[in-house]
Amino acid sequence: MTVFEMLKADGCKPGIKTYDLLIGKWCAHNRLDKANALFNEALSNGVPVKPKEYRVDAKFLKPKAVKKEKKRETLPERQGRGYAVVTMYNFQQYRHIQAPGWTLGWTWAKKEVIWTMMGGQTTEQGDCSKYKGNVPHCCKKDPTVVDLLPGTPYNQQIANCCKGGVINSWAQDAATAVSSFQVSVGAAGTSNKTVRLPKNFTLRAPGPGYTCGPAKIKTPTCCVSLSSFYNDTIVGCPTCACGCKNSTNGPGSCVDPDAPHLASVVSSGKNDLSPLVQCTSHMCPIRVHWHVKLNYKEYWRVKVTITNFNYRMNYTQWNIVVQHPNFDNLTQIFSFNYKSLTPYDGLNDTAMLWGVKFYNDLLSQAGPLGNVQSELLFRKDKSTFTFEKGWAFPRRIYFNGDNCVMPPPDAYPWLPNDSCRLIISLFRLVMAFLAYIVFFFAYM
């Protein structure tokens, strides 16, 4: 370009070949601004250059800028969350865990994250940069959890938490020889086939130390039954949900509630921690029953009943976690405490319910007093509300952190078929007409 400028300064007028050659060079170097300037200069000087296609040299091509979008949690991922209560029992008679307390760690099997925690917290958050808006509590592959301190706000506590990591020995005080925290796990899968157990557990505490074995799958301890006002069908817990009556390796033994020797059987196993349940088809120590009770013009009502079938366990400070899309419109709850676990804009489908202190926070052992119940009043959202296809029933229920076995969706109480109601109404009309004819001819 220096020679080109010198030629013009000496009075030489560049021709069409010179301009075409220089424009091609600028285009090859991906300098379209310079090429356009030369093109306009040629036209202003009366040189008849014509627009044509030029090739850009590959080494001067700029890589396309890729906009990195932060990940927003999708609905399938949201439904793939799971809630778990981690409980540590110190069964040693004289060795306790003193301050600064325990530290528990593990390694996730896949790409799980911890969305929320109650009763504990992780020491590091990890890299959560791919999440937008709602950021998980911890994204580390190998999280480390510590206990919360005494005096933690009640809305961050669960039963047996918040002792600063201190656990008493079993012989000194069995009531304080336990420590718990609750985690909400994301990206864990949506079924028992996709969920994977964590591995490489580590427990650190003052003293000689502890060794952790591999994680094992726990037998279910609760199940769910369903019913509604619009269908006479009562869907019970799935058969053998927690074990079978004839199974020799089931979770404990069962006893007939009408057996004359019931009291002696219960009293003989006071120091036995294995469940002694009523003989049922499901053999679960706990059953949660969800009954769609009433339908109003702008509201609908549900009754929740929790029944204890275990003769050897009183559940103190029990809680259940329920997933249902209408919890965003919960208007009133009558005899349970309520807390929303996931208050998102436009998505609030998970609630924690527990008993009122000194009223129903104790779920007594199996028997006449072995149940607690409450009613929930929901406001209808016209865009989503329906009684069709089992929408009114919960998606998932947890009792004290244990995932309860749900009935299969095709067994849910559905609305009666419209055609059946039409046939019944026509039948009544015909019968009324025939009765009228008989009555008319009888008194002719």
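Values quoted throughout were computed directly from the atomic coordinates according to the rules given, and no laboratory measurement underlies them. Please read all numbers here as calculations on a predicted model, not as lab measurements. Cβ sites come from the backbone with ideal geometry, for glycine too, and all protein chains shown count toward neighbours.
For region 280-358, the calculated P(r) over all alpha carbon pairs, in 5 Å bins from 0 to the bin holding the longest distance, is 3, 11, 21, 22, 19, 13, 7, 3, 1 percent. Here the peptides 201-213, 320-332 are ranked by packing, the mean other Cβ count within 10 Å, and the order with the highest first is 320-332, 201-213. Here region 77-204 was treated as a single set of alpha-carbon atoms; its pair distances binned every 5 Å from 0 give 2, 11, 19, 22, 18, 14, 8, 4, 1, 0 percent. When the Cα atoms of region 98-143 are aligned to their principal axes, the ranges along those axes come out at 39, 22, 15 Å in descending order. Using only side-chain charges placed at the Cβ, +1 for Lys and Arg and -1 for Asp and Glu, the dipole size of region 96-230 relative to its Cα centre rounds to 580 debye. Projecting the Cα positions of Ile286, Asn231, Phe336 onto the charge dipole of region 222-411 (unit charges on Cβ atoms of Lys, Arg, Asp and Glu, taken about the Cα centre) puts Phe336 furthest along the positive direction. Here, region 136-194 yields an orientationally averaged convex hull projection of 6.1 nm² when only Cα atoms define the hull.
A simple rule links phi to the HN-Hα coupling: the Karplus curve 6.51 cos²θ - 1.76 cosθ + 1.60 with θ = phi - 60°, which for region 375-382 gives 10, 10, 10, 10, 8, 6, 9, 4 Hz, with x for Gly and Pro. Taking trypsin sites (Lys or Arg not before Pro) across region 284-359, the ones in a DSSP loop with at most 16 further Cβ atoms lying within 10 angstrom of their Cβ are Lys297, Lys357. Net charge of the neighbourhood of Lys50, taken over other residues with C-beta under 14 Å away and scored Lys/Arg +1, Asp/Glu -1, is 0.
Other residues with beta-carbon under 14 Å from the beta-carbon of Asp147 carry, at +1 per Lys or Arg and -1 per Asp or Glu, a net charge of +2.
Quotient of the Cα radius of gyration of region 222-411 and 2.2 N^0.38 Å, N being its number of residues: 1.09.
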